[in-house]
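Comments concern the structure below.
Where a number appears in this text, it was derived from the coordinates with a stated rule and is not lab data. Just so it is clear, the model here is predicted, and its values are computed rather than measured. Here the Cβ positions follow ideal geometry from the backbone for every residue, glycine too, while neighbour counts run over all protein chains shown.
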Amino acid sequence: PRWGAQREPPMKLPPYQKYIPSGVEWLGDVPVHWSVKAIKWETPVLRGASPRPIDDPAYFDDDDGEYSWVRISDVTSAGTYLSTTEQKLSRLGSSLSVKLKPGALFLSIAGSVGKACITQIKCCIHDGFVYFPRFKGDAKFLYYLFASGEPYRGLGKLGTQLNLNTNTVGSIVAGFPDLAEQRAIAAFLDQETERVDRLVTKKRELIERLKEKRTALISLTVTRGLPPAAAKAVGHPASPPLKPSGLDWLGDIPKHWEVKSLARVTIAIRNGTSVTQLEDESESAVSVTRIESISCGRINFYKVGQVEWTPTLERYRLKKGDILLSHINSLSMVGNCAIFDSDRALYSGMNLLRIQPEPSVHAPWLWRVLSSDGIRKEISARAKPAINQASVTTTQIKSIQLPVPPLDEQSAIATYLDKETAKLDALVGKVAEAVERLQEYRTALITAAVTGKIDVRKDVSLT
């Protein structure tokens, strides 16, 4: 948000008594005693340096190295502080880079562009970062200024599209109170963001528990049948007798169920068209699936590809009830699947197996079984790992053994799971919205404080 007079600050704290125009759009009015100036007038903005060549032994891990080597991935996974890295530099390597002491602030201008971090360790940064030697103020205040995202307005979007270098960073104009006030603002934001972060952590833990409950519900229902109350409601026997399935991962199943291979409950399991996908739009193009089309467990029409339509392509057109399964993917995503239940035209592409259930099989039930934790583990166990991905053959997929109830029970199980998972998904959605609101509040609070829209000096405990 652009604060100024356009929006109220997010917290019921008093404003300063007197403001003056800053002349900077994103900054708006600032307290009269603040100085408005470019960052380069408060500190030099310098770039890191990389040891060259990169295959020099000095570049790689050295257990005796005094300085840690900071990569973009180290900063991406860090929060406010950098406390560890995956690599260290030797004495020679560190002499060829830029050394930072604990407490120094640096900013990424490559990869996760715009991500600021304060180091807690001795480290060296490469030329994908800039740093701020001899900053006259409080490094934590400057950190929060960058964390608000507001100084980047007009420079591009946060992330890879943001265009930063030493000149653009140094030319950012902001409001600077004196050192004591910067420290008070930083201390206030430490307290408040910590509270928000604790709430976010708790809510994310709740989301994970709800997702685990969802996974357990599906797995239990497709291997043991409906719970007693749900079974009675549809006229099925509650708590039927069990028998050994003969499969270690499955255990006992209802006595009247069968165990069958996936091949026996499907018409066909085959790959999609190998036609080259288009890079440019075409009036005669049709949509075709990609691996990412089912990355969230549902078919995402925003992540499909395009191919030129030909009559021979019609054999790959998906029908309602077809199931798409990822058999070439990262190991954690192999076995991911989705059911096609749309009236939109979509064609089966490469690297997703098209599974067509037998008419005697209820397709939504089969999708639930294939989505269950037990089957996913069976697929992962068969997967052949390679660099950055794993694969399972069509033959291996066909051989997977499933617990198969009668058709009417398949339908009842699918209906029950649709209803119960929808409840859990709705809860996850509400908690996720709450997390998003908390994160928006956090950012707005930081912005209000570092732009002087709220006076936090009397609200913070500096003990």
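Some observations on this one:
- Taking θ as phi - 60° and the Karplus parameters 6.51, -1.76 and 1.60, the scalar couplings of segment 20-37 work out to 9, x, 8, x, 10, 4, 6, 7, x, 6, 10, x, 4, 8, 7, 9, 9, 7 Hz in sequence order, x denoting glycine and proline.
- More than 14 Å apart - percent of Cα-Cα pairs taken over segment 99-168: 58
- Entries in Lys40/Lys453; Lys319/Lys384; Lys37/Lys453; Lys320/Lys419; Lys213/Lys430; Lys12/Lys458 that, when Cα-Cα distance is taken, lie over 22 Å: Lys40/Lys453; Lys319/Lys384
- Taking 0.890 mPa s as the viscosity and 25 °C as the temperature, the Stokes-Einstein diffusion coefficient of segment 235-343 based on its alpha-carbon Kirkwood radius rounds to 144 µm²/s.
- With each label modelled as a point 7 angstrom along the Cα→C-beta vector, the Ser342-Thr201 pair spans 4.0 nm.
- Spatially proximal aspartates and glutamates relative to Lys243 (Cα-Cα < 13 Å; intrachain offsets below 8 disregarded): Asp252, Glu258
- Subtracting the Cα-Cα distance of Arg153 and Arg71 from 0.36 nm times their residue separation leaves 26.9 nm of extension gain.
- Label-reachable residues, segment 329-355, where backbone N falls under 12 Å from a point 7 Å from Thr393's Cα toward its Cβ: none
- Partners of Lys99 within straight-line reach, counting lysines whose Cα lies under 16 Å from its Cα and excluding those fewer than 8 residues away in the same chain: Lys88, Lys122.
- Mean Kyte hydropathy of -1.0 or more with a Cα span along the axis of at least 30 Å, helices from DSSP in the chain: 179-224, 407-450
- About its Cα centre, the chain has a charge dipole of approximately 660 debye under the convention of +1 per Lys or Arg Cβ and -1 per Asp or Glu Cβ, with nothing else charged.
- Comparing segment 405-452 with the 2.2 N^0.38 Å rule of thumb, its C-alpha radius of gyration ratio is 2.15 (two decimals).
- Kirkwood-type radius of segment 141-295, with distances r between different C-alpha atoms, in Å: 23.6
- Alpha-carbon radius of gyration plus Dmax, which is the widest Cα pair, for the chain in Å: 28.8, 81
- Only helical runs count toward this figure. For the chain, summing -39,500 (n - 2.57) over DSSP H runs of n ≥ 4 and dividing by all residues gives -10000 deg cm²/dmol at 222 nm.
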